[in-house]
1. Work out the FRET efficiency for Ser118 and Arg35 from their Cβ-Cβ distance, taking R0 = 30 Å, and round it to the nearest 0.05.
2. Give me the percent of DSSP beta bridges within the chain that run antiparallel, rounded to the nearest 5.
3. Projected onto the charge dipole of region 75-143 (+1 at Lys/Arg Cβ, -1 at Asp/Glu Cβ, origin at the Cα centre), which of Leu129, Tyr103, Ala80 gives the Cα projection farthest towards the positive end?
4. Would you mind checking the radius of gyration and Dmax of region 19-157 based on alpha-carbon positions, in Å?
5. Where Lys and Arg each count +1 and Asp and Glu each count -1, what net charge lies around Pro115 among other residues with Cβ under 13 Å from its Cβ?
6. Over the Cα atoms of region 25-73, what Rg and Dmax result, in angstrom?
7. Can you compute the radius of gyration and Dmax for region 85-136, using only the Cα atoms, both in Å?
8. Gap in Å between the Cα centre of region 87-152 and the Cα centre of region 15-48?
Amino acid sequence: MRTIVTIGVYGFDVESFLRRLRDADVRLLLDVRQRRGVRGPEYAWANSLRLQAALAGAGIAYEHHAELAPTTELRQLQYADDDRRGVGKRTRRELAAEYIRRYTTEILDRADLTPIVSALPGGGTAALLCVEADPAACHRSLIAQRLADRHGVTTEHL
């Protein structure tokens, strides 16, 4: 059975993040962020080059899948909904309905996920990475659901 996990950056430091990946037997990390940096010194370890170095040291392969990242326009749409509801990116618990609709039609429906499914490790698993702690507040949950629905990939959120 093919399996994929999802994980966000928020709530981890580099050691606990790598430990969580190792505990889940992650062999490949799929970064689905548009901007591969996180603001603030607390999450500097998650900036692309530092993250890739930490993953390499842990024996975990890294791939960036920019084609699955939301556009700046879509991110701004979500931020406007967050503002309307009085929540921040780090406290969001769900995605806006319009964001889900547009991400699905503009990004996900156009993406060919077959190469990702084909690249899933035979031993261990792969992880979809973005920043939000709550998968329901992040587009990675939409990708995971599409992989489950169309490719029979089992999903777990770390």
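Bear in mind that the values in this text are calculations on the coordinates, not laboratory data. On a predicted model such as this, the values are computed, not experimentally measured, just so you know. Heads up, the Cβs are rebuilt from the backbone with ideal geometry, glycines too, and the neighbour counts pull from every protein chain shown.
1. Numbers: r = 27 Å, r/R0 = 0.90.
Calculated transfer efficiency: 0.65.
2. Numbers: 0 of 17 bridges.
Of all bridge pairs located within the chain, approximately 0 percent are antiparallel.
3. Ala80
4. Computed over the Cα atoms of region 19-157, radius of gyration and Dmax are 15.0, 44 Å.
5. -3
6. Calculated on Cα positions, Rg and Dmax stand at 11.5, 35 Å.
7. When restricted to the Cα atoms of region 85-136, Rg and Dmax are 14.5, 43 Å.
8. 16
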